[in-house]
1. If you count only protein heavy atoms with a 1.4 Å probe, what accessible area per residue comes out for the chain, rounded to a whole Å²?
2. Mind pulling up the Rg/Rh value for region 1-74? Radius of gyration and Kirkwood radius, both on Cα.
3. Of the heavy-atom accessible surface of the chain (probe 1.4 angstrom), what whole percent is carbon and sulfur?
4. Can you pick out the pairs among LYS185/LYS217; LYS188/LYS216; LYS185/LYS222; LYS222/LYS250 whose Cα atoms lie more than 19 Å from each other?
5. Under the rule of -39500 (n - 2.57) per DSSP H run of 4 or more residues, summed and divided by the residues of the chain, what mean residue ellipticity at 222 nm is obtained, to the nearest 500 deg cm²/dmol?
6. Compute from the Cα atoms of region 1-125 the Rg and the Dmax, the latter being the longest Cα-Cα distance, and quote both in angstrom.
7. Out of LEU51, LEU192, LEU25, any idea which swings most in a Gaussian network model of the chain, alpha carbons joined below 10 Å?
8. Rank SER255, SER148, TRP208 by how far each Cα sits towards the positive end of the charge dipole of the chain (+1 on Lys, Arg Cβ; -1 on Asp, Glu Cβ) and give me just the farthest.
Amino acid sequence: MGIFTELGVLYARYRPEKLMEHIKLFSTRLNIPKLIRACDEQQHWKELTYLYIQYDEFDNAATTVMNHSPESWDHMQFKDIIVKVASVELYYKAVHFYLQEHPDLINDMLNVLALRVDHTRVVDIMRKAGHLRLVKPYMVAVQSNNVSAVNEALNEIYVEEEDYDRLRESIDLHDNFDQIGLAQKIEKHELLEMRRVAAYIYKKAGRWKQSIALSKKDNHYKDAMETASQSGERELAEELLVYFIEQGKKECFASCLFVCYDLLRADVVLELAWIHNMIDFAFPYLLQVIALIHTSHFM
């Protein structure tokens, strides 16, 4: 061991081009701590990293790579090292390191750390750096954990990209975020489909009146009817009927009678239809009510 070690020290000092080959060939016959000191003194960072790995000092190996990356960094090797470190802080140091020096590979590196890192902290690092969108693939991959910071970051990106389909999917599958805050943010969005998502969020949150108001404003009458029906509130359903009458939306009036059938009072419907000369549009609903009464009476 002494011979192989001393030869390694000599290579480190005088023939550095032979050092790595020597270490790889005789790694089991070396006094690694002594050769580590020699490589550190002579600034052979690539060889030093390899020796740290062989000696199971992964924290030192990761630190050496990040501090002396021009000579010692190798992406595949670093991924193998970083998952074995003992210090959790090195995970986040690695995030900063990749953000600064290898942003194109940061998602690949984060994927191997996905089960180890605090996703909220990673999102916070990227948000402060102003490069949140850079780690979108990573956030999509870990969103199944339903972490608030990840959900809000992705929803923010989808709003910026005007990707309303992905936004609605995210809202449906991952509910841990400030729902009302998001709805308020996009309810005046210039894109119609984004405003429709806002109405959908209000509906999911049980804010029926706000949802119906948005749907009426954008002429999404079907959405308004479905929200009124889902609310289970008779007052909202009857108010929507009155709105359709005031707007002269006779077909919508007729449709609402069936969508909100269980909430409406037949006498109120008949009175509204008679006063506003819309009996023809209410007639199918009234026939249905009479048929139901007749069936119930003879059962």
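The values are calculated or read from the model by the stated rules, or taken from the named source; none is laboratory data. Just so it is clear, the model here is predicted, and its values are computed rather than measured. Note that each Cβ is placed from the backbone with ideal geometry, even for glycine, and that neighbours are counted across all protein chains shown. Just so you know, the surface numbers come from the protein's heavy atoms only, side chains and all, with ligands and any DNA or RNA stripped out. Shrake-Rupley method; radii C 1.70, N 1.55, O 1.52, S 1.80 Å.
1. Here the per-residue accessible area is 54 Å².
2. 0.94
3. 49 percent
4. Going by Cα-Cα distance, LYS185/LYS222 fall outside the 19 Å limit.
5. Counting only the DSSP helices, I get -22000 deg cm²/dmol.
6. 15.9, 51
7. LEU25
8. Farthest towards the positive end: SER148.
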